[in-house]
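One structure is given here, and the rest of the page talks about it.
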Amino acid sequence: MAVSAPNVIFFDMFGKAVCSALCMNIAIVGLNQVYDRKIDMVNKPYLPLASGEFNASTALFIIAFSVLISMLLGVYSDSTPLICTLVSSLAFGVMYSVDIRMLRWKENPFLATSCILIVRALIVQIGFYCHALGSGFLGIELRRNLIFSIFFMCIYSIVIALFKDIPDIMGDAQEGIQTLSVQFGISSTFQICLLLLTLAYSCGAMFSKFCTTDVNFYITIFGHAIGGSVILLNAAKVDLSSSASLHKFYMLIWKVTLFF
């Protein structure tokens, strides 16, 4: 069965975007682990650097190689929006993690949240949107689905920025990093995250009224309803005194967002 040209073009653009973004994400996460090694020895001793499985040289090589592959894919795609998305994501990753003057934004709750929100809710959404359209940034049409995607990811990014620090409260407190979890406690931060997630998925279900087809309507309303329900039902089972239980729920938030 022959594959039509538009489908080939779509999967080519999709593949380059996903692979380049995955490589860049590996680099950004790796960079964070390099500068968080002492903290991770307390919070996440199973990580390669914290456990001693990797040394700093190996980690830096993996980071550099991932950035190289990501940028080569971006350049090969001949897509300005994709290249800009990759470069700006890396720049914010450096500002978030690297421990030199004026950087290391993760030590400030406002700057840390802003960094994650700008990348995930704005740069990635708008950049990939323009890449998919094969257009530049100027003159793009702000359609309802893009506006909702940005709104949903703004809330989601705030949740990620807050929740990722809850299981790491012990190591952060020892290193003097004043996350909201350290300042206000695990229970309060956990409840704030649940309220924000409930808001996001409720708005997602309500957004279904703007869908133009019955199929999109049912997918949107039931998808967000199921996703929100899964999160709330599992939230009731979380042991706030267990770092492992909190981390498991944090990973569930990622999984639910990917599927719903």
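Quick one: compute the contact order of the range 79-205, relative version, from alpha carbon pairs under 8 angstrom and 6+ residues apart, as a percent.
After rounding, I find 25 percent.
If the viscosity is 1.306 mPa s and the temperature 10 °C, what translational diffusion coefficient in µm²/s does Stokes-Einstein give for the range 40-89 when Rh comes from Kirkwood over Cα pairs?
The diffusion coefficient I find is 126 µm²/s.
Of the accessible area of the chain, with the probe set at 1.4 angstrom, what percent is carbon plus sulfur?
Here it works out to 69 percent.
Leaving out ligands and nucleic acids, and using a 1.4 Å probe, what accessible area per residue does the chain come to in Å²?
On the way: 14460 Å² over 260 residues.
Per residue, the chain has an accessible area of 56 Å².
Based on the Cβ-Cβ distance from Phe222 to Ala244, what FRET efficiency comes out when R0 is 35 Å, to the nearest 0.05?
That gives a FRET efficiency of 0.65.
Quick test of the membrane-span-like rule: which DSSP H helices of the chain reach at least 20 Å along their long axis (C-alpha atoms) with mean Kyte hydropathy at least 1.0?
Span-like helices in the chain: 5-35, 56-77, 80-97, 144-163, 186-206, 214-235.
Sort the following peptides by mean Cβ neighbour count (other Cβ atoms within 10 Å, averaged over residues), highest first: 226-233, 81-88. Let's see the in-between values first.
Values: 226-233: 16.4, 81-88: 21.4.
Ranked from most to least packed, the peptides come out as 81-88, 226-233.
With all protein chains present and a 1.4 Å probe, how do Phe54, Phe222, Phe249, Phe61 order by accessible area, largest first? Before the final figure, lay out the partial values.
Values: Phe54 70, Phe222 115, Phe249 5, Phe61 140 Å².
Descending accessible area places them as Phe61, Phe222, Phe54, Phe249.
Rank Ser208, Ser242, Ser157 by mean-square fluctuation in a GNM of the chain with C-alpha springs under 10 angstrom and give only the top-ranked residue.
It is Ser242.
What aspartates and glutamates could a cross-link reach from Lys248, if we take a straight Cα to Cα line under 18 Å and drop same-chain neighbours fewer than 8 places away?
By straight Cα distance, Lys248 reaches Asp40, Asp165, Asp168, Asp239.
Given a 10 angstrom Cα cut-off, can you work out which residue in Val215, Val238, Val42 is the most mobile in a GNM of the chain?
Maximum fluctuation in the GNM of the chain, among the listed residues, is at Val215.
Of Cys154, Cys115, which has the most accessible area with a 1.4 Å probe, and how do the rest follow in descending order?
In descending accessible area the options line up as Cys154, Cys115.
Given a cut-off of 26 Å, name the pairs among Lys16/Lys164; Lys164/Lys255; Lys38/Lys106; Lys16/Lys255 whose C-alpha atoms lie farther apart than that in the structure shown. Write down the numbers at each step before the final one.
Values: Lys16/Lys164 28 Å; Lys164/Lys255 14 Å; Lys38/Lys106 15 Å; Lys16/Lys255 22 Å.
Beyond 26 Å between Cα atoms: Lys16/Lys164.
Taking only C-alpha pairs under 8 Å that are 6+ residues apart, what is the relative contact order of the chain in percent?
It comes to 15 percent, rounded to a whole number.
Can you give the helix-only mean residue ellipticity at 222 nm for the chain, where every DSSP H stretch with n ≥ 4 adds -39500 (n - 2.57) and the sum goes over all residues, rounded to the nearest 500 deg cm²/dmol?
Counting only the DSSP helices, I get -24000 deg cm²/dmol.
Ordering Asp172, Asp78 from largest to smallest accessible area (1.4 angstrom probe), what's the sequence?
Sorted descending by solvent-accessible area, the residues read Asp78, Asp172.
Between Met153, Met206, Met102, find the one with the highest GNM mean-square fluctuation for the chain; connect C-alpha pairs within less than 10 Å.
Met102
The values are calculated or read from the model by the stated rules, or taken from the named source; none is laboratory data. All values reported here derive from a predicted model rather than from experimental measurement. Cβ atoms come from the backbone with ideal geometry, glycine included; neighbour counts cover every protein chain shown. Surface accessibility is based on the protein's heavy atoms, side chains included, excluding ligands, DNA and RNA. Shrake-Rupley method; radii C 1.70, N 1.55, O 1.52, S 1.80 Å.
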